[in-house]
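See structure below.
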Amino acid sequence: MAITLTPTAANRVAEFLKNRGKGEGLRLGVKPSGCSGMAYVIEFADTIEDTDVTFVDHGVTVIVDNKSLIYLDGTELDFTKEGLNEGFKFNNPNVDAECGCGESFTV
Amino acid sequence: MALLQISEPGQSTTPHQRRFAAGIDLGTTNSLVATVRNGKAETLADESKKELLPSVVRYLSNGEIQTGEKALSHSIEDPKNTIISSKRIIGRSTKELIQTDKNHTNEFSHTETGTAKILTVAGEISPIEVASEILKNLKNRAEKTLGDELSGVVITVPAYFDDAQRQATKDAATLANLKVFRLLNEPTAAAIAYGLDAESEGAIVVYDFGGGTFDVSILQLNKGVFEVLATAGDTQLGGDDLDLLIANWITKKLDIQFELDKSTLRYIYNKAKYAKEKLTQENKVAIDLDIDQAFKGTIILTRNKFNEIVEPLVKKTISPCRQAIRDANINKTEIKNVVMVGGSTRIPLVRQLVTDFFEQQIHVDIDPDKVVALGAAIQADILAGNKPDSDMLLLDVNPLSLGIETMGGLVEKIISRNTTLPVARAQEFTTFKEGQTALAIHVVQGERELVDDCRSLARFELHGIPPMVAGAAKIRVTFQIDADGLLNVSARETISGVESQITVKPSYGLESDEIENMLRSSIKHAAEDLGMRKLREQQVAAKRELEAIEAALLEDADTHLNAEERTKIDAAVDQLRACMEDSDSAIIKKAIKNVEQVASFYVERRMNKNIQQALTGHNVNDINI
């Protein structure tokens, strides 16, 4: 089981964490909601819980609770630009269908 | 696929619920938009990677409206329809513009409300419309960058902007279809960008030396609230003036004998600007020049020479600093932070002189062109609800006291200066005359005791007060200022419930130096004002006394008074009337006392009679005590 980051994504996360001045790492997860079943969670993490699993990729700590991991296993987090807009993108092999906006998905 | 941003712990939003917010620095020369993404405030660039948007709008006869660089590039060939520095015009009357600002290339018209409109080929354009075009451009940029609509914005305004200018800025945002979370004072935004809101208490100086204006503000952080203690500055001093000095030096150096045409002047001016910017990093700069029939080659400008040329102008910024400290009534040692804002603060000489003057390290780490927009973005992010509740909301304060006119032309202050916003205060007033059914309410702004010395904001009337004896009606006047500093005044007669109200949207604004003058004169004239207030109060009391006694005499003098008593009372009344216009409040007070004393037996007799009348024919049991 693993979650990976592209080098670009890792650089940006490291930069944002450094800029924020605190935090254990990046928390990824899923929560039910949205137009298509599940929604991604991407947050700074200040604490690591017993139920969390951590990965280190390109020097960045990724924290995922074990319930979310089932939905995220094998995911690669990327950082891309689309025109003026830029942000993180989940390349998740578990996804069956995405809503048009890509903020939620079903497995 | 939507691109996601990192949220604060527990602040992840559900899809389509994300609340994007932006901070907008609506500047005189340039404007910027910034937002907080992934926990970091950053300014947003347009497609050509430019962050600064020149605050210029051009109107064409075919209805097209150009903004930014595109409009600026036509400012020389089409000055009449190209509007630059519209911030200097917003919320102000044509009369004021002609008086204070002679450099406008635009033509203005009078309007019914008194605010200036600009005559262009596309018709009469209000400065509010101009500002809204700039806001629309930035809104568009932000929404393209964020990939969604903005839920709201924080727009910054100078600390000295009055209600008219603030309301006009808000109207511009509404016109651009933007929801304004709040208007924020520029110096406050700069302090937020440096995180000074998290600091322990102490005075903060914000030194803002931009392209066209210079402002210095002194802020005091008090329980998480920034109060503006004082502002000072020079609305006609900026980096552009420095460029002009360098341009003059160049023409002198080239020893050009003939008159230069406009485009050559502009060429030299641009070279001067380039040299100035280069010299912030380097010790000397080579200026390549190619002027027809005059000069082709390179001249060298060293930083030392540059400093020598601009020093007199840069020094002109120090005396407002001194003045602001004096106005704020603080000691230089109480200043804990000095924040540098505006492109001109990149100049090493500026930094050095400011450091020397305040005798401390100055904050220069954040890009001085962006710092205000970044602070606004941080505030907008909090107001949009993207931060945990623990992050305190910063508030602004009311810059000048607000009150109403009472009898005798006196000001009754309802909301005093530096009260934190939003705020609502109410006070009860009453009628002055018997049977009075209406009340005129005159809302004024200022620190002085007399209405004549303050600024009139609005007038409205409360009608339908039931006729009662003087002083019996209870009229509750409520002043309410929302988070943007806009004032709503309402008056309600509590017995009958009649109500009347007004939202103050004054037709013209105050100059920054007028606010300063108002503040300064209130301090200077404090003793004089107090004396004047006492005098006016006694005059009002005398008038009331005279009216009451005259009404009584007319009614029943014959029943209660013999000739001798009547003469005595008349004498006292005449004496009071004679000294009414006296400039000594003590004399008037004495005369009022005298009338009261002389007439006391008469008042007593009348009272007994009235009670008798009221009781006659009633059974004791009928009377409720």
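Where a number appears in this text, it was derived from the coordinates with a stated rule and is not lab data. Since the structure is predicted, the reported quantities are computational estimates derived from the model, not experimental observations. Cβ coordinates were reconstructed from backbone atoms using ideal geometry, including for glycine residues, and neighbour counts include every protein chain displayed.
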key: Percent RCO, i.e. relative contact order, over chain B, from Cα pairs under 8 Å lying at least 6 residues apart   = 12
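For B:Lys144 and B:Leu175, FRET efficiency with R0 = 30 Å and r from the beta-carbon atoms, rounded to 0.05? Mind dumping the intermediate values first?
Working: r = 20 Å, r/R0 = 0.67.
Once rounded, the FRET efficiency stands at 0.90.
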task = Distance from a point 7 Å along Cα→Cβ of B:Tyr267 to each backbone N in segment B:69-85: keep the residues under 20 Å and list them by number.
result = B:73-78
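By how many nm would the segment from B:Gln361 to B:Asn562 grow when fully extended, if each residue of separation counts as 0.36 nm and the alpha-carbon distance is taken off?
Contour length minus Cα-Cα distance gives 63.9 nm.
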request  = Straight distance only, please: which lysines reach the Cα of A:Lys67 with their own Cα at less than 20 Å, same-chain residues fewer than 8 apart left out?
outcome  = A:Lys31
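With a ≥ b ≥ c taken as the square roots of the eigenvalues of the C-alpha gyration tensor of segment B:268-389, please select rounded if a/c is under 1.5 and otherwise prolate if a/b is larger than b/c or oblate if it is not? Don't skip to the answer; put the middle values down first.
Details: a/c = 3.06, a/b = 1.62, b/c = 1.89.
Note, shape of segment B:268-389 comes out oblate.
Chain B: percent of C-alpha pairs farther apart than 47 Å? All intermediate terms of the calculation are to be shown ahead of the outcome.
Values: 58628 of 195000 pairs.
Summing the P(r) tail past 47 Å for chain B gives 30 percent.
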task = Quick one: of B:Lys253/B:Lys273; B:Lys278/B:Lys305; B:Lys70/B:Lys170, which pairs are farther than 20 Å apart, Cα to Cα?
result = B:Lys70/B:Lys170
Average projected area [Cα convex hull, segment B:165-298], square nanometres = 12.5
query = Dipole size in debye (nearest 20) for the protein assembly as shown around its Cα centre, Lys and Arg Cβ +1, Asp and Glu Cβ -1?
reply = 920
query = What number comes out for the charge environment of B:Ala272, summing +1 per Lys or Arg and -1 per Asp or Glu over other residues with Cβ under 14 Å away?
reply = +3
task = Find how much the distance from B:Asn248 to B:Arg326 grows on full extension, using 0.36 nm per residue of separation minus their present alpha carbon separation; answer in nm with one decimal.
result = 24.5 nm
ask   = Once the dipole of chain B is set up with Lys and Arg at +1 and Asp and Glu at -1 on Cβ about the Cα centre, which of B:Ala373, B:Val540, B:Phe108 lies farthest towards its positive end?
value = B:Ala373
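Taking the Cα centre of chain B as origin, work out the dipole magnitude from +1 charges on Lys and Arg Cβ and -1 charges on Asp and Glu Cβ, in debye rounded to 20. Before the final figure, lay out each step's value.
On the way: 73 positive and 91 negative charges, 212 e Å.
In total the dipole reaches around 1020 debye.
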ask   = Based on the Cα atoms of the protein assembly as shown, what semi-axes does the equivalent ellipsoid have, where each is the square root of 5 times one gyration tensor eigenvalue, given in whole Å with the largest first?
value = 60, 38, 24
ask   = Say each of B:Ser61 and B:Asn594 gets a label point 7 Å from the Cα, pointing the same way as Cα to Cβ; how far apart are those two points in nm?
value = 7.9
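Kirkwood Rh, Cα Rg: Rg to Rh for segment B:527-615?
1.07
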note = One finds, for B:Arg19 and B:Ile318 with R0 = 51 angstrom and r their Cβ-Cβ distance, a FRET efficiency to the nearest 0.05 of 0.70
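Go ahead and estimate [θ] at 222 nm for the protein assembly as shown from helices alone: -39,500 (n - 2.57) per DSSP H run with n ≥ 4, summed, over the residue count, rounded to 500. Each step should come with its number before you reach the end.
Working: 18 runs with 249 residues, N = 732.
When only DSSP H runs of four or more count, the value is -11000 deg cm²/dmol.
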For segment B:239-314: relative contact order, % (alpha-carbon pairs under 8 angstrom, 6 or more apart) = 31
query = Mind checking which lysines have their C-alpha under 30 Å from B:Lys589, skipping anything on the same chain fewer than 8 residues away?
reply = B:Lys413, B:Lys433, B:Lys474, B:Lys524, B:Lys534, B:Lys543, B:Lys568, B:Lys609
Cβ-Cβ FRET estimate between B:Leu289 and B:Ser48, R0 fixed at 35 Å, reported to 0.05 = 0.80
task = Report, in degrees rounded to the nearest 10, the 0 to 90 angle that the Cα long axis of helix B:512-524 makes with the longest principal axis of chain B.
result = 40
remark   = Across all Cα atoms of segment B:239-314, Rg and the largest Cα-Cα distance (Dmax), in Å, are 11.8, 34
query = Helix B:585-598 versus the longest principal axis of chain B: what is the Cα-based angle in degrees, 0 to 90, to the nearest 10?
reply = 20
